[in-house]
Amino acid sequence: MGSISYRYLLRLFGRFLLILTLTGFIFYLAIFMGLFGKIPSKKTLKSLQNNTASEIYSADSVLIGRYFVQDRTNVKYEAIAPSVIQALVATEDSRFYSHNGVDSRGLLRVLVKTLLFQDESAGGGSTLSQQLAKNLFPRKPHHFLSTPINKVKEMIIAVRLESVYTKKEILELYLNTVPMGANIFGIERASRVFFNKSSGKLNLEEAAVLIGMLKANTYYNPARYPQRSFERRNLVLGQMLKLGYISPEVADSVKKRPLVLRYNIKRTGQGIAPYLREYLRRQLIKWCETHTNKDGDPYDLYTDGLKIYSTIDSRIQLAAEQAVRNQMAQLQRTFDRHWRGRDPWGKSTSVITSAMQASDRYKRLKDAGKSDTEIAAVFNKKRPMSLFALGGNKNVTISPLDSIKYYQKVLNTGLISIEPGTGDVKAWVGGINHQVFKYDHVLSRRQVGSTFKPILYAAAIEKGINPCTYFDNKRVTYPAFENWSPQNSNGQYSGKYTMKGALAFSVNTVSAQLIMQTGVKRTIAMAQRMGITSTIPEVPSISLGTASISLMELVGAYTVFANSGILVKPVYISTIKNSSGDVIFNKKTSSGKRVLSEENASIMIELMKGVVEEGSASKLKSEFGLTMDIAGKTGTTQNQADGWFVGITPNLVTGVWVGAENHLVSFRSLQLGQGARTALPVWGKFMSRLMDEPSFASYRYKKFKIVSDEIKSRLNCPSFIDDIQVVEPLKKENFIIKLFKKGLNIFKKKKKNKDKE
């Protein structure tokens with residue numbers, strides 16, 4: 001009976017084994033046939049291309065940013081340091097060169113750990129080819145047997161990969177796709193981030209550090225957990241010794257070396273020109289939608305590895321950012337002292353209420369159904385937080401409401417610099433910190449104040465008004481325009497000004513007379529011809545700058561003066577190349593459009609030079625030591641809410657705006673809040689920093705084109721004359737002429753009396 005039972009059990013086990021084998025085969029066949037998701041064909045695998053981040057470069061070939069879903073830069077096998085390859089094979093797949101994608105020896109271990117125990121984290125059996133399959137085609141959840149299904153799919157894909165790629169190509173693909181934590185993918189990008197060098201220049205211990213991260217890229221992140229990374233690095237070196245890639249002497253020597261990083265990660269908002277990069281991102285997405293690759297598909301900015309070359313010059317950009325950082329920190333300190341103990345918005349609580357309701361915290365609480373009382377309690381509860389400051393962040397304990405009040409008192413700025421002849425944008429600073437203040441003040445529209453006046457003056461000259469015409473500096477009321485009566489900021493009304501004097505000292509009464517003679521419509525038409533697209537109200541007060549225009553538009557318009565009357569629209573991108581290095585976009589070289597006569601453009605430059613030589617921008621020469629030719633115009637809006645300066649040099653046209661996010665927040669006095677005290681110093685510091693850059697030292701001595709004798713004669717008149725000078729002075733006459741005239745008068749008088757008789 002015992003023997004019968006034994007044979008019975010043997011047959012039973014055989015049947016079980018047969019059923020298990022048959023079930024396994026059916027299970028495998030079901031996966032192979034795609035019942036649990038389509039498996040990529042060999043043809044698909046052969047045409048495989050990794051998602052690659054697009055990169056943006058400055059005009060002087062400096063990498064300034066990347067656009068990606070996965071932060072990756074692909075690299076060829078030959079460009080990777082051999083120690084990386086050796087460390088990878090030694091640690092992850094020691095039999096890599098002898099299997100066909102599946103390691104049968106390691107498979108048994110996988111079957112036990114994953115198929116029987118459903119251990120999702122089990123490893124050791126997956127070859128590099130299987131891991132590559134997992135990287136390329138991420139696992140998908142299934143309701144039942146999720147891990148075995150995904151493992152079998154990876155095995156099938158791994159075998160197919162090995163049939164269409166060489167071992168070197170598989171290693172290249174693997175090292176370009178492997179996740180390295182924090183959305184960093186691939187050995188090249190990881191090498192740049194952690195060691196600030198290409199993967200081809202990694203030394204032995206650096207290669208071991210990066211390969212050591214593959215086991216658990218967050219747990220062994222060398223920047224966050226250096227001790228763990230150090231220990232893991234030495235384990236990798238031990239594996240390399242075991243497989244004979246390094247000698248015992250080398251292993252012992254390298255293991256003793258400390259972990260040294262050159263951490264260099266740059267995310268969105270970090271690095272130079274973040275505001276421009278964000279602006280370009282939106283523009284490039286639109287461009288990609290209308291341009292196709294060789295397969296006829298639209299380009300993808302985030303995955304197609306485009307190389308975008310901007311017009312920005314990294315050296316000019318850095319000078320601009322440094323000037324903004326230094327001058328705005330100084331101005332903020334002045335502003336804080338000016339308002340110490342008081343709120344700039346006074347009793348207008350709507351400023352804070354509006355800012356609070358626009359915050360993400362408020363919106364989340366509202367969406368959660370919290371009442372106004374509950375929301376107020378949250379905003380008034382103090383908590384530890386970090387507040388942004390240009391001199392360094394402040395760690396404080398305050399309420400969210402107080403933090404909103406703090407940020408409402410922060411002054412911001414915008415700066416853009418354009419090369420007038422080409423339209424190339426050379427510097428773009430949209431604010432004081434992109435991570436904290438996303439709003440781009442190169443693009444924001446604010447009232448432009450007196451910086452609009454050169455456009456009015458250009459329209460007046462085009463109409464034929466002589467720049468040497470004298471205008472009475474008298475306050476006038478215009479009944480036809482709702483008794484509009486513009487005032488001068490200094491409150492003085494006397495004498496007469498020519499255009500040069502009126503522009504230099506920003507005399508509002510003269511601007512009012514000019515727009516009355518020139519016409520509002522003609523002035524608006526001139527602004528539009530010069531590239532301004534913002535809506536300009538059809539009222540005479542635009543002569544004083546009541547229109548809201550972006551800094552980019554305004555500076556673009558000023559380039560017309562510097563470019564002899566020709567409008568060249570701003571350009572941000574010069575070239576785009578695809579991942580193969582083929583040029584797929586080149587900026588169009590345009591001669592531009594003439595919108596102002598060359599003679600009148602020269603006259604405007606001469607008039608605006610007066611602003612620097614004798615007017616509101618005179619300290620550019622004395623305080624900042626700038627020796628090149630400069631023309632420009634300051635601007636200040638009502639209650640000092642906006643400060644402006646647009647300066648023209650022979651090489652660059654640069655504009656600066658300074659103000660708070662809310663126009664109710666400003667300096668109380670014109671002395672402190674005028675554009676000459678807020679925006680102009682940023683411009684001056686920018687230009688002086690640029691002059692210190694050896695590549696731009698020649699800018700220091702640049703001059704505008706020499707004007708003709710005819711233009712000189714048209715401008716040969718005093719900028720200002722007093723009222724007492726208006727009476728023509730008596731000419732000096734010699735004694736004989738006076739005696740002759742006296743005798744002649746006596747003779748005429750006698751003759752007249754005789755005739756009467």
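The values are calculated or read from the model by the stated rules, or taken from the named source; none is laboratory data. Note that the structure is predicted; figures quoted are calculated from it, not measured. Cβ placement follows ideal geometry from the backbone for every residue including glycine, while neighbour counts extend to all protein chains displayed. Side chains are part of the model used for accessible areas, which takes the heavy atoms of the whole protein and leaves out ligands, DNA and RNA. Shrake-Rupley method; radii C 1.70, N 1.55, O 1.52, S 1.80 Å.
The strands (runs of 3 or more DSSP E) located wholly in segment 359-419 include none with 3 or more residues which are open to solvent by 50 Å² or more (accessible area, probe 1.4 Å), out of contact with any His (no Cβ under 6 Å at 6 or more places or on another chain) and among the hydroxyl-bearing types (Ser, Thr, Tyr). Applying a threshold of 9 Å to beta carbon distances and a minimum spacing of six or more residues, or different chains, the list of pairs starting in segment 178-193 at a residue that is part of a helix (DSSP H, G or I) and ending at one that is of a type in the set (Asp, Glu) and buried (at least 21 other Cβ atoms within 10 Å of the Cβ) reads ARG189/ASP71; SER191/GLU206; VAL193/ASP71. On the stretch given as segment 691-703, residues that are open to solvent by less than 80 Å² (accessible area, probe 1.4 Å) and either free of Cβ contacts under 8 Å to residues at least 60 places away in the same chain or out of contact with any Lys or Arg (no Cβ under 8 Å at 6 or more places or on another chain) (or both) total 4. The condition of being surrounded by fewer than 20 Cβ atoms within 10 Å (Cβ to Cβ), modelled with pLDDT of 70 or more, in contact with a Leu (Cβ under 8 Å, 6 or more places away or on another chain) and not polar (S, T, N, Q) does not hold for LEU128.
Tallying residues that are under 20 Å from PRO82 (Cα atoms) and either assigned to a loop (DSSP other than H, G, I, E, B) or in contact with an Asp or Glu (Cβ under 8 Å, 6 or more places away or on another chain) (or both) within segment 221-256 yields 8. The set of residues in segment 461-494 that are within 22 Å of THR636 (Cβ to Cβ) and either in a helix (DSSP H, G or I) or among the aromatic types (Phe, Trp, Tyr) (or both) comprises PHE471, TRP484, TYR493.
Say whether the condition of being in contact (Cβ under 8 Å) with a residue 12 or more places away in the chain, buried (at least 23 other Cβ atoms within 10 Å of the Cβ), of a type in the set (S, T, N, Q) and outside any helix (DSSP H, G or I) is met by at least one residue in segment 497-508. The answer is yes; a qualifying residue exists. Selection of segment 672-702 for residues being of a type in the set (Lys, Arg) and within 16 Å of LEU415 (Cβ to Cβ) yields LYS685, ARG689. Tell me, yes or no, whether segment 2-19 has at least one residue that is open to solvent by less than 30 Å² (accessible area, probe 1.4 Å) and modelled with pLDDT of 75 or more. No: segment 2-19 contains no residue that is open to solvent by less than 30 Å² (accessible area, probe 1.4 Å) and modelled with pLDDT of 75 or more. Taking each residue of segment 233-258 that is within 15 Å of SER94 (Cα to Cα) and looking for partners that are surrounded by fewer than 16 Cβ atoms within 10 Å (Cβ to Cβ) and among the small types (Gly, Ala, Ser) with beta-carbon atoms closer than 9 Å, six or more apart or interchain, yields GLN239/SER94; LEU241/SER247; LYS242/SER94; LEU243/SER94.
Return yes or no: is GLU321 in contact with a strand residue (DSSP E or B) (Cβ under 8 Å, 6 or more places away or on another chain), part of a helix (DSSP H, G or I) and surrounded by fewer than 21 Cβ atoms within 10 Å (Cβ to Cβ)? Break it down into steps so the answer makes sense when it comes.
Values: in contact with a strand residue (DSSP E or B) (Cβ under 8 Å, 6 or more places away or on another chain): yes; part of a helix (DSSP H, G or I): yes; surrounded by fewer than 21 Cβ atoms within 10 Å (Cβ to Cβ): yes.
Yes; evaluated as a whole, the condition is true for this residue.
Within segment 392-416, the set of residues being in contact with a helix residue (DSSP H, G or I) (Cβ under 6 Å, 6 or more places away or on another chain) and within 24 Å of ILE64 (Cα to Cα) comprises THR413, GLY414, LEU415, ILE416.
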